[in-house]
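Since the structure comes first, as structure tokens, the remarks are kept for the end.
The values are calculated or read from the model by the stated rules, or taken from the named source; none is laboratory data. What you see is a predicted model; the values in this text were computed from it and never measured. In this analysis, Cβ positions are derived from the backbone assuming ideal geometry, glycine residues included, and neighbour counts consider all displayed protein chains.
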Amino acid sequence: MSGLDTLPPLRTVIAAHGLAARKSLGQNFLLDLNLTARIARAAGDLTGADVLEVGPGPGGLTRGLLSEGARRVLAVEKDSRCIPALQEIAATCPGRLTIIEGDALEIDPLAHLTPPIKVVANLPYNVGTELLVRWLTPPQWPPFWQSLTLMFQREVAERIVARPGSKAYGRLAILAQWRVEARIVMQLPPGAFSPPPKVSSSVVHITALPQPRFPADPQVLQDVVARAFNQRRKMLRAALRGVAPDIEDRLIAAGIAPTDRAETVPLEKFCALARSLAKV
Ligand code: SAM
């Protein structure tokens, strides 16, 4: 029996530390340790990897990551009330769990972790998309992480894996699919959480490709895609007016009809357009 197995059930931890969930911090806790172990396993083999966990809360997923063999876990939690509960977990695994009280948007995980690094988190809904976009747009590629295994509201998960022509297809799909492999690997009903959120959730497993699928300058691609989807119902010749004086010719050269709408244009053609605009 490992030290982790001697810890009390999460409901007891929550009661003992007064961790009534706060909506402002996106707190919907997972209390079933079988479920948190399954999420940890969805990240693949953790032995020999350092794991960044954002928002450990009372530590259900943290326990899963440690019991699945993570070499080290860095847990970044904004809510000071959770820290003593997390310290109890750390005491059972000497040297394997580092806890930082702070905002994940402001912390540099590389100051604390050694590659290979995996990110595993049940993300707070209010900062989840912002963190994902940051992880998908680092200054250098390949990124600091090998994989991201992340719980999102189902609607956000669907936007990551969406294909052209679907309602969910947009900036997030292109940012992601350009240089990662992304799959939805678990669906969870609201009742899996305490308190239950209004919507279902999904776990997305993302692995970094060594190189982008198609060449393009990251900033030019991000800018043109943002412009194109900012007015997703407009034809591209109107949505991209002013991006270049000859934008219609550049669209045609990239294989895109100027009357097309962004939501129908596949990644490959956005990359061709970005390559053309990089020369403006
Ligand atoms: N991992 C726990 C679980 O699965 O039960 C809790 C998940 S809960 C959805 C999100 C957690 O993120 C909460 O513990 C919340 O306090 C924390 N959190 C919210 N905003 C944060 C931020 N900016 N940085 C770090 N943690 C944050």
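From the list L10, L4, L61, L52, the lone residue that is more than 22 Å from the chain's Cα centre (by Cα) and surrounded by 22 or more Cβ atoms within 10 Å (Cβ to Cβ) is L10.
Within the range 158-172, residues that are under 11 Å from L132 (Cβ atoms) sit with their Cβ atoms under 6 Å from residues that are buried (at least 19 other Cβ atoms within 10 Å of the Cβ) and basic (K, R), at 6+ positions apart or across chains, in these pairs: L172/R159. If a residue must be more than 9 Å from the ligand (Cβ to nearest atom) and out of contact with any Pro (no Cβ under 8 Å at 6 or more places or on another chain), how many such residues does the range 36-63 contain? Of the residues in the range 36-63, 12 are more than 9 Å from the ligand (Cβ to nearest atom) and out of contact with any Pro (no Cβ under 8 Å at 6 or more places or on another chain).
Checked against the criterion of being touching a strand residue (DSSP E or B) at 6+ places or on another chain (Cβ under 6 Å) and not aliphatic (A, V, I, L, M), the range 210-232 contains not a single residue that satisfies it. Among the residues of the range 114-130, those that are within 12 Å of G55 (Cα to Cα) and assigned to a helix (DSSP H, G or I) comprise Y125, N126, V127, G128. Going by what's in this entry, would V156 be described as in contact with a helix residue (DSSP H, G or I) (Cβ under 7 Å, 6 or more places away or on another chain), assigned to a helix (DSSP H, G or I), within 16 Å of the ligand (Cβ to nearest atom) and of a type outside the set (K, R)? So V156 passes the test. The residues of the range 217-254 that are exposed (fewer than 14 other Cβ atoms within 10 Å of the Cβ), of a type outside the set (G, A, S) and not in a loop (DSSP other than H, G, I, E, B), listed by number, are Q219, N230, D249, I252. Is there a residue in the range 22-36 that is over 24 Å from A192 (Cα atoms) and acidic (D, E)? Within the range 22-36, not a single residue is over 24 Å from A192 (Cα atoms) and acidic (D, E). Of the residues making up the range 98-115, those that are loosely packed, with under 15 Cβ neighbours inside 10 Å and either touching a residue at least 60 places away in the same chain (Cβ under 8 Å) or not assigned by TED's automatic domain parsing to the domain that holds Q146 (or both) number 2. More than 9 Å from the ligand (Cβ to nearest atom), within 18 Å of I39 (Cβ to Cβ) and buried (at least 19 other Cβ atoms within 10 Å of the Cβ) - does that describe any residue in the range 77-92? So far as the range 77-92 goes, yes, one or more of its residues are more than 9 Å from the ligand (Cβ to nearest atom), within 18 Å of I39 (Cβ to Cβ) and buried (at least 19 other Cβ atoms within 10 Å of the Cβ). Every condition in (1) away from the ligand (no atom under 12 Å from the Cβ); (2) closer than 22 Å to A173 by Cα; (3) in contact with a strand residue (DSSP E or B) (Cβ under 6 Å, 6 or more places away or on another chain) is met by N122 except one, and the failing one is (1). In the range 260-279, of all residues being outside any helix (DSSP H, G or I) and in contact (Cβ under 8 Å) with a residue 40 or more places away in the chain, the one that is surrounded by the most Cβ atoms within 10 Å (Cβ to Cβ) corresponds to V265. Going by the conditions given, is A90 farther than 30 Å from Q219 by Cα and touching a His at 6+ places or on another chain (Cβ under 7 Å)? No.
Per-residue answers, yes or no, for (1) more than 19 Å from the chain's Cα centre (by Cα); (2) closer than 19 Å to L148 by Cα:
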residue: I14; (1), (2): yes, no
residue: L31; (1), (2): yes, no
residue: G48; (1), (2): yes, yes
residue: R96; (1), (2): yes, no
residue: E106; (1), (2): no, yes
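The residues in the range 198-213 that are surrounded by fewer than 17 Cβ atoms within 10 Å (Cβ to Cβ) and touching a residue at least 24 places away in the same chain (Cβ under 8 Å) can be counted, and the count is 8. Restricting attention to the range 136-153, the residues that are surrounded by fewer than 18 Cβ atoms within 10 Å (Cβ to Cβ) and within 16 Å of the ligand (Cβ to nearest atom) add up to 0.
You will find that of A20, A40, the residue that is without any contact (Cβ under 8 Å) to a residue 12 or more places away in the chain and at negative phi is A20 and no other.
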